[in-house]
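*Asks:* Attaching a single structure in structure tokens format; questions to follow.
Computed from the coordinates by the stated procedures, all read-outs in this text should not be read as laboratory data. Being a predicted model, the structure only gives us computed values, none of them experimental. With ideal geometry, Cβ positions are generated from the backbone for all residues, glycine too; neighbour counts draw on all protein chains shown.
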Amino acid sequence: MGAAEVMPRTTFHTARRRLAGAVACAGLLLAGCSHMPRSGPHTDEVTESLQAPAAAGAVQIVNVDAGIARALISRAKQATFAEVLGNAPPSDKSTVIGVGDVLDVTLWEAPPATLFGVGPVDPRMPSTVRSTTLPDQIVDRDGNIRVPFAGTIRAVGRTPQEVQAEIVKNLKGKANQPDAIVRITRYASSTVTVVGEVTTSVRLPLTPVGERVLDALAAAGGVRQPVNKMTLQVTRGTDLAAMPLDQVIRDPKQNVQLRGGDVVTAIFQPLTFTALGATGKNEEIAFEAQGITLAQALARAGGTVDARSDPRGVFIFRFEPAEALDWPVQPVKATPEGKVPVVYRINLANAESFFVMQSFRMQDKDVLYVSNAPAVELQKFLNLVFTVTYPVLNTIQVVR
């Protein structure tokens with residue numbers, strides 16, 4: 001009988017000790033709940049850490065609104081091909097002879113032909129008119145060609161019409177009613193170089209037709225990467241302009257006429273941003289050369305996770321040029337490269353922010369971070385407490 005009374009009392013004391021241990025453990029968990037596993041800092045922790053005295057001014061925190069979005073768009077606007085390179089229509093005067101060009105020179109003499117009388121009869125002219133076609137004339141380093149009986153003719157910097165006029169002038173008094181036609185058969189001096197992510201790098205001779213940017217690209221066999229991921233760069237002397245290829249295709253004004261010496265470079269430079277925190281997926285995500293908005297970026301990252309995300313805490317971490325904005329914290333601290341670390345914050349709890357997101361442009365290497373809601377950490381803590389205490393409470397219930 002005594003033994004029967006001792007067993008329940010012993011079991012009860014054991015259960016009570018376990019419960020006390022569970023409560024103590026729960027207390028320890030509560031004290032250390034700030035160190036529980038999570039994907040990153042809360043919204044308030046981000047702002048508080050960056051506004052701390054030790055970090056004051058080192059990182060700029062900018063709340064994004066319509067004005068900020070417009071200012072960034074205005075600063076980021078790049079000059080177009082038409083603005084930098086011009087878009088003059090083709091002109092005969094725009095094609096002049098240069099060193100190395102090959103000229104075709106044909107001479108005529110009226111009857112009685114005495115100077116070029118040994119030439120064949122030209123079927124397009126009266127039967128007694130004879131023509132003489134000279135061997136290909138290559139413009140020498142001094143810029144000249146040699147024409148029999150006309151002597152040394154200056155060709156560089158002139159049009160074919162100007163050269164033929166001087167030939168006729170020099171032949172007068174030597175040939176009977178001389179005439180001449182000069183054509184450029186190979187443009188060695190006026191070429192465009194096409195390099196980069198093209199099928200074949202080429203040097204494209206320019207003709208009086210007036211080849212344009214897309215003509216040069218076609219001559220190189222097109223690009224080797226998707227059009228929407230390509231950037232075209234045109235270098236003309238000290239001027240340089242770059243545009244997304246699909247924008248050049250869509251806007252005929254940007255398909256500008258090329259000039260001799262231009263270099264067209266097709267660039268494949270994948271643009272990416274990194275999504276972290278309470279988004280549908282945490283990874284590096286590529287986007288097109290023409291760029292995307294924050295709204296598109298958030299969608300490509302899988303959106304915000306309803307059960308975790310804090311709509312007040314959407315952040316974009318970026319390095320900006322010092323002149324990008326009027327920074328809220330002065331003096332501005334920049335990196336050795338002159339870049340300012342910036343955290344842009346947008347509050348999705350405000351309906352207006354969904355319009356702002358459509359004009360805020362993402363940049364290469366941006367980090368998009370969505371913070372966890374504080375309630376998520378509380379839920380994690382409660383789940384952990386119940387995991388520890390439930391077996392003990394169940395034991396007490398069985399004993400009772």
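*Asks:* Report the Cα-based extents of segment 154-285 along its three principal axes, largest first, to the nearest Å.
*Replies:* For segment 154-285, the Cα extents along the three principal axes come out at 91, 25, 23 Å.
*Asks:* What list do you get for Ile167, Ile61, Ile346 if you sort them by fewest beta carbons within 10 Å? All intermediate terms of the calculation are to be shown ahead of the outcome.
*Replies:* Values: Ile167 21, Ile61 16, Ile346 25.
The most exposed by this proxy come first: Ile61, Ile167, Ile346.
*Asks:* Per Stokes-Einstein, at 25 °C and 0.890 mPa s, what whole-number D in µm² s⁻¹ belongs to segment 318-374, with the Kirkwood radius over Cα pairs as the hydrodynamic radius?
*Replies:* 182
*Asks:* Taking the highest mean first, how do the peptides 66-74, 247-255, 104-112 order by number of other beta carbon atoms within 10 angstrom per residue?
*Replies:* Put in order of decreasing packing, that is 104-112, 247-255, 66-74.
*Asks:* As an exercise, use a Förster radius of 45 Å and the Cβ-Cβ distance of Leu134 and Arg224 to find the FRET efficiency, rounded to the nearest 0.05.
*Replies:* Between Leu134 and Arg224 the formula returns 0.55.
*Asks:* A follow-up question, please. Treat each spin label as a single point 7 Å out from the Cα along the C-beta direction, and report the Gln78 to Val329 distance in nm.
*Replies:* The modelled label-to-label distance comes out at 3.1 nm.
*Asks:* Ratio of segment 190-268's C-alpha Rg to 2.2 N^0.38 Å, to two decimals?
*Replies:* That ratio works out to 0.97.
*Asks:* Under a crude label model (7 Å from the Cα following the beta-carbon direction), how far is Asp239 from Asp104 in nanometres?
*Replies:* 3.3
*Asks:* What FRET efficiency, computed as 1/(1 + (r/R0)^6) with R0 = 45 Å and r the Cβ-Cβ distance, is obtained for Arg203 and Ala299, rounded to the nearest 0.05?
*Replies:* The pair Arg203/Ala299 has a calculated efficiency of 0.55.
*Asks:* Long-range amide H contacts for Arg186: which residues qualify at under 5 Å (H placed 1.01 Å from N, peptide plane, sequence gap of 5 or more or a different chain)?
*Replies:* Val102
*Asks:* How do Glu320, Glu284 rank when sorted from fewest to most other Cβ atoms within 10 Å of their own Cβ?
*Replies:* The order, fewest Cβ neighbours first, is Glu284, Glu320.
*Asks:* Work out Dmax and Rg for segment 216-370 from the C-alpha atoms and quote the Rg first, both in angstrom.
*Replies:* That works out to 18.9, 61 Å for Rg and Dmax.
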